[in-house]
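Asks: Let me give you the structure first, and then I'll get to my questions.
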Amino acid sequence: MKKILLVEDDPLLIDIYTTKLQQSGFEVQVVEQGEKVLAAIQKEKPAVVLLDIVLPHVDGWDILQQVQASEELKHIPIIILSNLGQKEEIEKGLRLGAVRYLIKAHYTPSQIVEEVVKLTGSL
């Protein structure tokens, strides 16, 4: 069972995404606060990180940069899952190392799971 690290601070979205991912056979770990993400990635070694940008204390941009700066972690694919949808933000996310940038309002939970499956090669 592949492990997904969901970095999200909205309880409703956590519930929806966790349920959908688990129904598709993934193990889901949730981190709600930005400052705890790096330690969780190091500990869990997830197959994919679903990363929100707007988080309490440490934002997703900082997390993305920290992961990419780590030789140990930079191979772990990160999908940005955010409501920030300006062209500049999408370009920034991809430039900083995200493999995909998904705007929450444009993707159903099922479509997000499909993107994770494409990356992990499993269902």
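Asks: Suppose only helical runs count, i.e. DSSP H with n ≥ 4. What mean residue ellipticity at 222 nm does that imply for the chain under -39500 (n - 2.57) per run, divided by all residues and rounded to the nearest 500 deg cm²/dmol?
Replies: Numbers: 5 runs with 52 residues, N = 123.
Calculated at 222 nm, the ellipticity per residue is -12500 deg cm²/dmol.
Asks: Based on the mean of other beta carbon atoms within 10 Å per residue, what is the order of 40-47, 88-95, most packed first?
Replies: Details: 40-47: 16.6, 88-95: 14.6.
Going by the mean number of other Cβ atoms within 10 Å, highest first, we get 40-47, 88-95.
Asks: Please report the base-10 log of the normalised intensity I(q)/I(0) for the chain, using a Debye sum with one equal scatterer per alpha carbon and no solvent, at each q in 0.21, 0.23 (1/Å).
Replies: -1.27, -1.57
Asks: Is segment 65-111 best put as rounded, prolate or oblate by its Cα gyration tensor, with a ≥ b ≥ c the root eigenvalues, rounded for a/c under 1.5, and otherwise prolate when a/b is larger than b/c, oblate when not?
Replies: Details: a/c = 3.36, a/b = 1.63, b/c = 2.06.
Here segment 65-111 falls in the oblate category.
Asks: Could you list 82, 24, 70, 110 so that the one with the fewest beta carbons within 10 Å of its beta carbon is first and the one with the most is last? Before the final figure, lay out each step's value.
Replies: Working: 82 22, 24 18, 70 14, 110 10.
In increasing order of surrounding Cβ atoms, one gets 110, 70, 24, 82.
Asks: Let me ask something else. Compute, for the chain, the length of the dipole vector about the Cα centre, with Cβ point charges of +1 (Lys, Arg) and -1 (Asp, Glu) only. Units Debye, rounded to 20. Please report the intermediate quantities before stating the final value.
Replies: Details: 13 positive and 18 negative charges, 92 e Å.
Once rounded to the nearest 20, the dipole reads 440 debye.
Each value in this text was obtained by applying a stated rule to the coordinates, not by laboratory testing. Please read these numbers as outputs of a predicted model, since none were measured by experiment. Glycine gets a Cβ as well: all are built from the backbone with ideal geometry, and neighbour counts include every protein chain shown.
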